[in-house]
Amino acid sequence: MPTEQIEQSAAVPFIDPFGRAITYLRVSVTDRCDLRCVYCMSEDMHFLPKRDLLSLEELDRMCSAFIRRGVRKLRITGGEPLVRRDILQLFRGLSRHLDSGALDELTLTTNGTQLARHAADLAQCGVKRINVSLDTLDPEKFRTITRWGDLRRVMEGLDAAQAAGIAVKINTVALKGVNEEEIPQLIDWAHGRGMDLTLIEVMPLGEIEPGRIDQFLPLSLVRAQLKQRYTLDEIDDRTGGPARYVRLHETGGRLGFITPMTHNFCESCNRVRVTCTGTLYMCLGQEDAADLRTPLRASESDALLEQTIAEAITRKPRGHDFVIDRRRSRPAVGRHMSVTGG
Ligand code: SAM
Ligand code: SF4
């Protein structure tokens, strides 16, 4: 697609029924992962056959169609995006939209295990900020949470990313009785390295283990505990995501809170998600979806694809309603986070 054409049609963005322009796209490029975090995957996951996945070329076409219609920020996620073979090819291709000015930001969410070998190339592709998920600094605990992960590899990945000049934000899922006590240490460590840290409430996605409900730790409680140790200065930084931020007076660093269970962040939602099979979800918390793989494969032109996306956006709901149903002990949405892309 010639650059002028992208810039020209960016004037007609996808707008949902509530007047929200869709400017943020998260794309899961694989359902596979080299870890098995207990809150995200079961130990014996069945992964999708390769033919069901969008090819790298199809992913590029799909992302480019969204960019043409107003998406300014693109986050690549998974599963673990860096375990997808030749994934750098996708980043290289998409970086043309940064060069043309059609895209403001190309970024990714990763567990960090493969970062050491990819960080320099990602920086070359124009990736300036990444999110790295890390719930503990204790190697044993890390192995327990991820079922077999090696913390050293993540640490090497973080070093490589920072050495390549990429800003890192740490994402930490707050888990009752698991890393609850360690949160201040994680904050001091991250801020000491110049990294923001965002705490995430565990969400009821996917049929995993019944114990998950017991892991739920409301961030309102964490926040109250942190207030006894730090001065939390409210700041109005929004990064286009659902996190609310404070600055810690003592460290000077930023701390984010993503609280889908206790705070409804839907009203300003500007995002949609696409899975690695090309299923477009208009809302993380609801089942309604549109198949983009069929129009992608039906024709070489993108007209049908754009039409399918436009029609789907008209069905974007006002918001979601996550509820951990304690009587039935069933998650509100049966998809794994690794399928939708976190
Ligand atoms: N593998 C990459 C990673 O771990 O960063 C990207 C995909 S992962 C699904 C994206 C984010 O979702 C991670 O920060 C992870 O901690 C979070 N996540 C996974 N399952 C979750 C759950 N049930 N509740 C809250 N966050 C979850
Ligand atoms: Fe893999 Fe990320 Fe899920 Fe952990 S949270 S199992 S690293 S996809």
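The values are calculated or read from the model by the stated rules, or taken from the named source; none is laboratory data. All figures in this text were calculated on a predicted structure; none of them were measured in a lab. Please note: Cβ atoms are built from the backbone with ideal geometry, for glycine as well, and neighbour counts cover all protein chains shown. These area figures cover heavy atoms from the full protein model, side chains too; ligands, DNA and RNA do not enter into them. Shrake-Rupley method; radii C 1.70, N 1.55, O 1.52, S 1.80 Å.
Highest mean first, the peptides 147-157, 222-232 sorted by other C-beta atoms within 10 Å per residue fall in the order 147-157, 222-232.
Ranking of Ile258, Ile313 by solvent-accessible surface, largest first: Ile258, Ile313 (1.4 Å probe, protein heavy atoms only, all chains present).
If R₀ is 22 angstrom, what is the calculated FRET efficiency for the pair Arg152 and Lys176, using the beta carbon separation as r and rounding to 0.05? Efficiency computed from Cβ-Cβ geometry: 0.25. Remark: relative contact order (the range 3-340) = 20 percent; criterion is Cα-Cα distance under 8 angstrom and separation of 6 or more residues. Per-residue Karplus couplings for the range 90-101, computed as 6.51 cos²θ - 1.76 cosθ + 1.60 with θ equal to phi - 60°, are listed in order as 5, 4, 4, x, 5, 5, 5, 6, 6, 4, 7, x Hz, Gly and Pro entered as x.
Amide hydrogen proximity for Gly253: with H placed 1.01 Å from N in the peptide plane, the residues at 5 or more positions away or on another chain lying under 5 Å are Leu248. Residues Thr107, Thr294 ordered from highest to lowest accessible area at a 1.4 Å probe: Thr294, Thr107.
In terms of distances greater than 20 angstrom between alpha carbons, the cross-link table entries Lys50/Lys169; Lys128/Lys169; Lys50/Lys128; Lys141/Lys227; Lys73/Lys169; Lys176/Lys227 yield Lys50/Lys169; Lys50/Lys128; Lys141/Lys227.
The residues neighbouring Arg293, those whose beta-carbon lies less than 15 Å from its own, together hold a net charge of -4 under the Lys/Arg +1, Asp/Glu -1 convention. Amide H to amide H distances under 5 Å link Val202 with Ala174, Leu217, where only residues 5 or more positions off or on other chains count and H is placed in the peptide plane.
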